Amino acid sequence: MHAPRREGRRVRIPGDSNVSQSASAETPHIVVEDLHFRRGRKPIFDGLSLEVPRGRVTTVMGPSGSGKTTLLRLIGGQLRPDAGRILVDGEEIGRLSTRRLYAVRKRMGLLFQTGALLTDLSVFENVAFPLREHTELPEDILRTLVLMKLEAVGLRAARDMDPAELSGGMARRVALARALALDPELIMYDEPFTGLDPITMGQIVTLIRRTNHSLGLTSVLVSHDVNEAMSISDHVVLIAEGRAVDAGPPDALQARASDWSAQFLEGRPDGPVPFHYPGASYQDDLLDAGGRNHD
Amino acid sequence: MIDAIASVGRFSLDALAVLGRASMFLLRIFAALDAVVRRFGLTVWQVYSVGVRSVLIVVVAGLFVGMVLAYQGYITLVDFGAAEALGGVVALSLVRELGPVVTALLFAGRAGSALTAELGLMKTTEQLSAMEMMAVNPYRRVFAPRFVAGFLSMPLLAAMFSAVGVMGGYIVGVGLLGVDSGAYFSQMQAVTDWNEDVMSGVIKSIVFGFVVSWIAVFQGMDATPTSEGISRATTQTVVVSSLAVLGLDFILTGLMFGGN
Ligand SMILES: Nc1ncnc2c1ncn2[C@@H]1O[C@H](COP(=O)(O)OP(=O)(O)OP(=O)(O)O)[C@@H](O)[C@H]1O
Ligand SMILES: [Mg+2]
C-alpha cells in the first residue's frame, strides 16, 4: 500500500528502496526485542523490549541515567547491542552493512539535545546540508525546499545567522528543520524540552505535534518532563533498571499507576527507584577513606 | 617495584592501543579517498584553510632563516676566502634540511593544532555524530579532505620556505655583505643537484606532510570529548608530530645521504 498523502512531497533519494511503504500501518515502526547493552561493566539495558507504533508520537520516559540517549543511539545504529534485536522497518539495525545502515538513516532524523548544528555553516546551509549531500537538486529548488523547512519552524528570517548566534530554543528548531529536510519517516527527539522557557517549550511541543500530524511520520521522544510528554504522546514507555516497566497510552498509564510509574509520574523521591547511583555503601566509603588517611 | 613494572606495562599497552586505532583510522581514510577525488572542491577549501593560512608564517620564517644562514655562512666561508660559495651553502642547507624540517614544525604548530582543535570540538559538540545520523560519513566528508589537504600543502609550503630563504640569503649576502650577485646564483646552480638535493628535500616534505596531517586529524578524532580533552589532544599533536618529524628526518637523512 502506498501512502497517497505523501506522494510528490518526498525527495527522491538515489538508492533509497522504500521498504516502509509496503509495510502496513499496523506493524510497529520500531521493535526492540530483549535488548542487552553494557558500558564497561555497567549494564544499561538488561532485557529491554518495546514497540513504537507507526505514525504516532511515542515517548520513552525514565530517570536520568536510565539509558534513554543510549537507546536512541542504538536505534540509530551508532552503538551495537550486545544481545537482542532492534528492528526498524523490519531491518535489524545491529546487523546491517554500513551501506544499508546509511540507507536506513536517510529515512530517520535524530535531534540531539544540543542541536548539534554544524558551526562552520550558516543556518541556511545547515538545513541544506543533508539535501546537498544526498540529492543533486538544482540550486533554486534546493533554496525553495530549505526556506519551506525554515518557515515551518518559524526561522526563515534567521537563515543567514551563524549557529553561534542562536539561542538554545532556536538552535533546536533549526536542528528540527534540518532533520526534516530529507522528509524522514521517523524522527527521534532527545530531551527536546530541557532548559527551555515555557513559551519556547510550548512552541516546540506544538511543532512536534504539528510535524507528526501533517507529515504523518513516526515520532520518538525521550524525556523526563512528565507533563509535556504526557500531553504530547499517543504512547508512553517507562524504562527503569534496563527494562521497560510499563507501556501504554498516557491516561491508561496514569490510571494504572503501578508502583514505579506512580513514583516517576508524581515525582516522589522515594520508591522503587533509588536516588543513589548504585555502589559501595556510604558507610563503607567513609570508613575506607578514613582508613587510607591514617596509613 | 611491582607498581613500576605494572605502569610500564600499562603505558606500553596504551601506546599500542593508540597505534592500533591510528592505523585503523588511516585505513578508513584510504578507503574514503575516492570521495576526495569525486568532490575535490571540499579538499581545495581545506587546502585554503590549512595551507594558505600557513603561508604567512612560513614565508616570514623562511626569510629570516635565509638571512641568518647567509650571515653564519659568510663568517665561516670568508676565513677560507670562499665567500662566493655562499649561494651554494644557503641553498643546500635550505633545500635539504631546513626547508622541510622547519616548515613541518611550523606546520604542526600552525595548521596541525588548528585541525586537531577543530575536529575535537566537532566531536565534543556532537557534530560528527549528527553527520553520521544524517547518513553522511565523516571519514568521507570531514577527515579525508583535511588529511589530503595537509598532505598536499606541506611540500608546497616547504618549497616556498626554501625559495624565500634563498632570497633572504641574497639580501644579506649580496646586499649587506657584498658577495658578488652573479657568483651567488652560479655557485648555487653548480652545487645543487636536482635528484640528490632537491628531490630528497621534496621526499622529506611529503613524508612530513603525511605524518603531521595523520597525527593532527587522528588526534582530533580520538580526543576525549571535553574541553580538557581537546586541549590535551592539541598539545599532543604539536609534541608528537614535532618529535616524529625530527626522528624521521634523522632516519631519512641517513637513508638518503648515509651511503656515500
Ligand atoms: N560514553 C560513555 N561511556 C561510558 N558510560 C556511558 C557513556 N555514555 C553514557 N554512559 C552511561 O550510560 C548510562 C546511560 O546514559 P544515557 O546518556 O543513555 O542516560 P539518559 O537516560 O539519557 O540520561 P539523561 O536523562 O540524564 O540524559 C549512564 O549511567 C552513563 O553513566
Ligand atoms: Mg540523555
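Laboratory data are not the source of any read-out in this text; all were calculated from the coordinates shown. Everything quoted here is computed from the prediction, not taken from an experiment. Virtual Cβ from ideal backbone geometry, glycine too; neighbours counted across all protein chains shown.
Per-structure values
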read-out	value
Positive-end residue, region A:33-183 charge dipole about Cα centroid, Cβ charges, pick of A:LEU176, A:VAL127, A:PRO63	A:PRO63
Nearby aspartates and glutamates by direct alpha-carbon distance to B:LYS204 (threshold 19 angstrom, same-chain neighbours under 8 apart not counted)	B:GLU97, B:ASP193, B:GLU196, B:ASP249
Quotient of C-alpha Rg and 2.2 N^0.38 Å, computed over the protein assembly as shown	1.24
Per-pair calculated FRET efficiency, R0 = 56 Å: B:ILE5 and A:ARG85 via Cβ, rounded to 0.05	0.80
Whole-Hz ³J(HN,Hα) from phi, Karplus 6.51 cos²θ - 1.76 cosθ + 1.60, for region A:181-190, glycine and proline x	4, 8, 6, x, 9, 9, 10, 10, 10, 9
Share antiparallel - DSSP beta bridges, the protein assembly as shown, percent rounded to 5	55
Amide H within-cut-off set for A:SER49, under 5 Å, with H built and near neighbours excluded	A:ASP34, A:LEU35, A:ALA244
Fully extended contour minus Cα-Cα distance, from A:ALA252 to A:ASP120, at 0.36 nm per residue	42.9 nm
Rel. contact order, % - alpha carbon contacts under 8 angstrom, at least six apart, chain B	32
At 1.002 mPa s and 20 °C, Stokes D of region B:32-254 from Kirkwood alpha-carbon radius, µm² per second	116
Long-range HN-HN contacts of A:LEU221 with modeled amide H, under 5 Å	A:THR58, A:THR59, A:VAL60, A:TYR189
Filter on A:LYS106/A:LYS149; A:LYS68/A:LYS106; A:LYS42/A:LYS106 - keep pairs with C-alpha separation over 24 Å	A:LYS42/A:LYS106
Residue order, fewest to most surrounding Cβ atoms within 10 angstrom, among B:SER49, B:SER54, B:SER213	B:SER49, B:SER54, B:SER213
In Hz, Karplus ³J(HN,Hα) per residue of region B:60-74 (6.51, -1.76, 1.60; θ = phi - 60°; x = Gly, Pro)	4, 4, x, 4, 5, 4, x, 5, 5, 4, 5, 4, 5, x, 4
Stokes-Einstein D for region B:178-224, Kirkwood Rh over Cα pairs, 37 °C, 0.692 mPa s (µm²/s)	241
Convex hull (Cα only) mean projected area of region B:48-115, reported in nm² to one decimal	4.6
Cut-off under 5 Å, modelled amide H: who pairs with A:ILE44 long-range	A:PHE37, A:ARG38, A:ARG39
Gaussian network model of chain B, Cα within-10 Å springs - most flexible of B:ASP14, B:ASP193, B:ASP34	B:ASP14
